[in-house]
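The values are calculated or read from the model by the stated rules, or taken from the named source; none is laboratory data. These numbers were taken from a predicted model, which means no experiment stands behind them. Using ideal geometry, Cβ is built from the backbone for each residue, glycine included, and neighbour counts are taken over all protein chains shown.
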Amino acid sequence: MGDQMATSSISKYADFLSEVKAEKKLLLEKVEKKSDSVNTLRALVEDLEEAQEIMNLTGALAQEEFEGFIEGMVTEALQVVFGSGYAFEMETKIVRNQPETYLYVVEDGVKTPIKDDMVGGGLLDLISMVLRVVVWSIQTPRTRPVMILDEPGKNMDRNKIDQFVAMIRRFHELLGLQFIIVTHDNKIIEMADRAFLVTRSNGTADVSVVQ
């Protein structure tokens, strides 16, 4: 009788062990699958991080080429109007995985942020106009070759107006751009191919040909 009970207990214990082993096996398989999933996710994260770095690098290289073109154009304009001691620089930094570009005016080797109060209005007038021309020249498709300027050079020193006007004329010749300029400056009016005088009387605009 005792042997039968012992045998029955052993059999039950063996069955229990078998169940535990089976459950352990299932748990280990689940752990292994979870581990594989974790490793896969880690690999994906690493791939994404690497892809982000590549995108940032590619963007930085493209940005560098783009910046070089713009810097050259604006620097040339600054030197035509203000002299050889001037230059324009752009600096791009990756901030929160996004490129941010900072603009500077360089005068005799001293670099000043374009937003600084020390940058004169004439410089800003010139830079903003040239940037408009550059952006137009590289866009695809281009809009019609017409640009409207409202009082360009209004902050320019009087002794720089001739150079400023010559630069506008140069852009016209190089790019085929037609400039429609609203101005009170006689020097700018004199350089125009056509000039019109607009006056208002009793709410009515009258237009007459000046030249």
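The one condition from (1) touching an Asp or Glu at 6+ places or on another chain (Cβ under 6 Å); (2) surrounded by 14 or more Cβ atoms within 10 Å (Cβ to Cβ); (3) modelled with pLDDT of 90 or more that residue 182 does not meet is (2). Tally time: how many residues in the stretch 171-190 are assigned to a helix (DSSP H, G or I) and over 27 Å from the mean Cα position of the chain (by Cα)? Qualifying residue count for the region: 6. Looking only at the stretch 137-163, residues that are closer than 17 Å to residue 181 by Cα and in a helix (DSSP H, G or I) come to 3 in all. Summed over the stretch 39-90, the residues that are in contact with a Ser or Thr (Cβ under 7 Å, 6 or more places away or on another chain), farther than 18 Å from residue 139 by Cα and either modelled with pLDDT of 60 or more or outside any helix (DSSP H, G or I) (or both) give a count of 3. Here the stretch 185-211 is the region considered, the condition is being modelled with pLDDT under 90 and of a type in the set (Gly, Ala, Ser), and the residue that is surrounded by the most Cβ atoms within 10 Å (Cβ to Cβ) is 192.
From the set of residues in the stretch 140-159 that are surrounded by 18 or more Cβ atoms within 10 Å (Cβ to Cβ) and farther than 20 Å from residue 210 by Cα, which is modelled with the lowest pLDDT? Among them, the one singled out is 153.
Pairs linking a residue in the stretch 110-124 that is in contact (Cβ under 8 Å) with a residue 12 or more places away in the chain to a residue that is surrounded by 12 or more Cβ atoms within 10 Å (Cβ to Cβ) and assigned to a loop (DSSP other than H, G, I, E, B), with Cβ atoms under 6 Å and 6 or more positions apart or on different chains, are 121/155; 122/155; 122/156; 122/157. Residue-level check: of (1) at pLDDT below 70; (2) surrounded by 12 or more Cβ atoms within 10 Å (Cβ to Cβ), residue 105 misses just (1).
Just checking, does the stretch 133-144 include any residue being touching a residue at least 24 places away in the same chain (Cβ under 8 Å) and small (Gly, Ala, Ser)? Yes, some residue in the stretch 133-144 is touching a residue at least 24 places away in the same chain (Cβ under 8 Å) and small (Gly, Ala, Ser). Residue-level check: of (1) over 22 Å from residue 69 (Cβ atoms); (2) out of contact with any His (no Cβ under 8 Å at 6 or more places or on another chain), residue 137 misses just (1).
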